[in-house]
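Enquirer: The structure follows.
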Amino acid sequence: MVSKINGKLFAEMIIQGAQNLSNHADLVDSLNVYPVPDGDTGTNMNLTMTSGREAVEENLSQHIGELGKTFSKGLLMGARGNSGVILSQLFRGFSKNLEEYNEINTQQLADSFKAGVETAYKAIMKPVEGTILTVARDAADAGLEKAPETEDCIELVTYIIEQAKISLENTPNLLPVLKEVGVVDSGGKGLVVVYEGFLKALKGETISAETQKLDTDTLVNEAHDFHGVINTEDIIYGYCTEMMVRFGKNKKFFDENTFREDMSQYGDSLLVINDDEIVKVHVHTEKPGDVFNYGQQYGELIKLKVENMREQHREVVKKEQKGQNVDSNQDMTTVDTAVIAISMGEGISELFKSMGATHIISGGQTMNPSTEDIVKVIEQSQCKRAIILPNNKNIMMASEQAATIVEAEAVVIPTKSIPQGIAALFNFDVADTLTNNKKRMIESLEVVTSGSVTYAVRDTKVDGVEIKKDAFMGLVEDKIITSNEDQIETVKNLLAEMITDESEIITMIVGEDAHADITSSVESWIEATYPDIEIDQHQGNQPVYQYLFSVE
C-alpha cells in the first residue's frame, strides 16, 4: 500500500511513465488514422515526455510541488506536435495543483488529474471528443469517484487505468474516422501507456531502460557516427534496416529467442523488442529484403525503414572535405523582425529565404520541432518582433506555445502547409507593422488550395477512399481524396479536384523521391489540359511527399 506520494516517488513515476512510453512509441505511431508514412503521435509524445523526465532527473526534489514545477517546465519546452503539447498541458495543470504540497494522498492525486484535464481543455480552441482529451477526462472523473473510497494510491491509479482503457476503447464511437479505419485514438493510447508506467513505479517495479535507445532519436533519426573512424568501403553491412511486425495468426509460432537467433544471421547491431501485439527490429544488413521476408512470416509489416549507410558516409565525407560543419548550427542572424519558417527540404528552405524568411527551422512531418527549438531561435535572433510560420498543422500548437513564452512580440500565422507558408511570405512587407503583416498574411491563406502526393503504408479505408498499401495517395489540405497505384493518375485526380475555373497558377514543389520522367509527364499534362494556367515549379527536395501543389 502507498498512502502518500512525495517528490522522490513522483520522480520515479515520471521516469517509469516516460520509459514505458518510449518502449511503446512505435506502437502508438502505428495507430495513426491516415496511412501516410509519417505517423508521429508516439514519437512526439515520447520526445515530449523524455524532455520532462530529463528535467526531473537533473533537479530531483523530495518536495512534490517543486518537482512538479520542474517536470512541467521540461514538458513545456520539449513539447513536440499537437499530441506533445496536449500532454504538456495535461501535466501542467496536474503539476500546478501540486505546488503547495510536500506530499499528496489519494484525494489530492485525483484532484491533480482533474486539474490537468481542465487546463488542457482550456488550452485547446476546439476540443475534439474521441481523442486523448476524452481519455484523460474520463480517467480523471473516475479517479475523483474512487478517491473517497481508498487511501491506497496503487488502488486509485489501477482504477484510473482501467477506466482510461474503457474510454480508449470507446474512442471509435465518438470519432467516426477511428471506427472507419479500425483503430483507437493514438494519443489516448499514449496516455494510457504513461499511466501504466506510473503504476509500475508505485508498485516498486522498474521498466527496463535497455530499450530506450531503440525508441528515441536512435531509431527515429539514427545518426551513424562512423565517418571519422572508417572508410566507406570498410562498412560491412551497408543498410540500416528497421521493421515492425504486427502479429497475425502465426503469433502462436513466434519464439523470441529463435527469432533473435535467426535475425542475427542477417547482420549486426541487432535490437529486437517484442510485446503482445508487435515485434520491433533494428539491424544493419546487406539484404534488407531478406529481413522483411523473414519478418512477414509472423504477420503484417506495418513500419519499414532502410537507410544506405555507405551513401550517408560519402555525403558526410564530402561535406568535411569542403570544410562544412556536418552538424551546423541554426543561423542566428540578429534582426528587429524575425520571420521564422518551419521547412522540410533544402530547396524549400532556400525558397523561404529568398522570399524574406530570416530564420529557418528544419522540421515538418516526422520531425516536428519543439517549443524550445522555436523559442531559442527567437531569443538568439534578439528580435523585437517575430512572425512564426508553422507550415504544418501539427506544429501549430508548439508555435503558439512558443509565442506566449518569449519576451518579443510574437505572432503565429496559421499556415498548415508549405504552399500556405509561401503564400503568406509573398504578402510580408518588412516595412509594415506586425499587426498589418499578420492581417494581410492570414488573409492570403484563403485563396490558396494545398495538395500533396505520398504513398500508403497500409491497407485501409479513409473518408470513403479505398487505399492499398504502397499505392499513391492525393490529399487536399489534410483530406485524402484519391488513391491509385499509378502516380500520374493520382496527380491527375488530385489536381482535377483542386483546380477551378478561377484558378490561375499551379505551384509544383518536387520532392527528393520524385522521378524526373513523372515530373515531366505531369507538366505536359497540365499544359495540355489547362493551357490558361501558369505552372511554377520548384525543386523542394522534401522527404515523404513526392509532390506538393498549391492552386491559386
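None of the figures in this text is laboratory data; all of them are computed from the coordinates on show. In this text, all values refer to a predicted model and were calculated from it rather than measured experimentally. In this analysis, Cβ positions are derived from the backbone assuming ideal geometry, glycine residues included, and neighbour counts consider all displayed protein chains.
Enquirer: Under a straight-distance cross-link criterion of Cα-Cα below 17 Å, which aspartates and glutamates are reachable from residue 200, leaving out those fewer than 8 residues away in the same chain?
Expert: Candidates past the 8-residue exclusion: 12, 152, 155, 162, 210, 275.
Enquirer: Could you please report the charge total around residue 386, scoring K, R as +1 and D, E as -1 over all other residues with beta-carbon less than 14 angstrom from its beta-carbon?
Expert: -2
Enquirer: [x] 0.97; [y] 1.18; [z] 0.99: which one is Rg/Rh (Cα atoms, Kirkwood Rh) as calculated from this entry?
Expert: The listed entry that was calculated here is [x].
Enquirer: Going by C-beta contacts inside 10 Å, put 393, 146 in order with the fewest on the left.
Expert: Listing 393, 146 from fewest to most nearby Cβ atoms yields 393, 146.
Enquirer: In whole Hz and in residue order, list the ³J(HN,Hα) couplings for region 282-294 that follow from phi through the Karplus curve 6.51 cos²θ - 1.76 cosθ + 1.60, θ = phi - 60°; x for Gly and Pro.
Expert: Values, residue by residue: 10, 8, 9, 9, 9, 9, x, x, 5, 4, 5, 4, 5 Hz.
Enquirer: Relative contact order, percent, of region 472-552 when contacts are C-alpha pairs under 8 Å separated by at least 6 residues?
Expert: In percent, rounded to a whole number, it is 34.
Enquirer: Over all directions, average the projected area of the Cα convex hull of region 449-551 and note it in nm².
Expert: Directional mean of the projected Cα hull area for region 449-551 stands at 6.0 nm².
Enquirer: Tell me the mean residue ellipticity at 222 nm calculated for the chain from its helices only (DSSP H runs of n ≥ 4, each -39500 (n - 2.57), averaged over every residue, nearest 500).
Expert: Computed mean residue ellipticity for the chain: -15000 deg cm²/dmol.
Enquirer: Any idea what angle helix 487-498 forms with the longest principal axis of the chain, computed on alpha-carbon atoms, 0 to 90 degrees, nearest 10?
Expert: 90
Enquirer: So, one more: Applying a 10 Å radius around every beta-carbon, put 298-305, 524-531, 467-474, 75-82 in order of their mean neighbour count, most first.
Expert: 75-82, 467-474, 298-305, 524-531
Enquirer: For the Cα atoms of the chain, what angle does the longest principal axis make with the long axis of helix 186-202, in degrees from 0 to 90, nearest 10?
Expert: For 186-202 against the chain, the angle is about 30 degrees.
Enquirer: Sort 240, 153 so the one with the fewest other Cβ atoms within 10 Å of its own Cβ comes first.
Expert: If I rank by nearby Cβ atoms, fewest first, I get 240, 153.
Enquirer: If you take the Cα Rg of region 352-394 and divide it by 2.2 N^0.38 Å, with N the number of residues, what do you get?
Expert: 1.17
Enquirer: With everything on Cα atoms, drop me the angle between helix 64-78 and the longest principal axis of the chain, reported from 0 to 90° to the nearest 10.
Expert: 10
Enquirer: Give me the percent relative contact order of the chain, please, defined on Cα pairs under 8 angstrom at least 6 residues apart.
Expert: It rounds to 12 percent for the chain.
Enquirer: Let me ask another. In what sequence do 235, 5 fall when counting other Cβ within 10 Å, fewest first?
Expert: 235, 5
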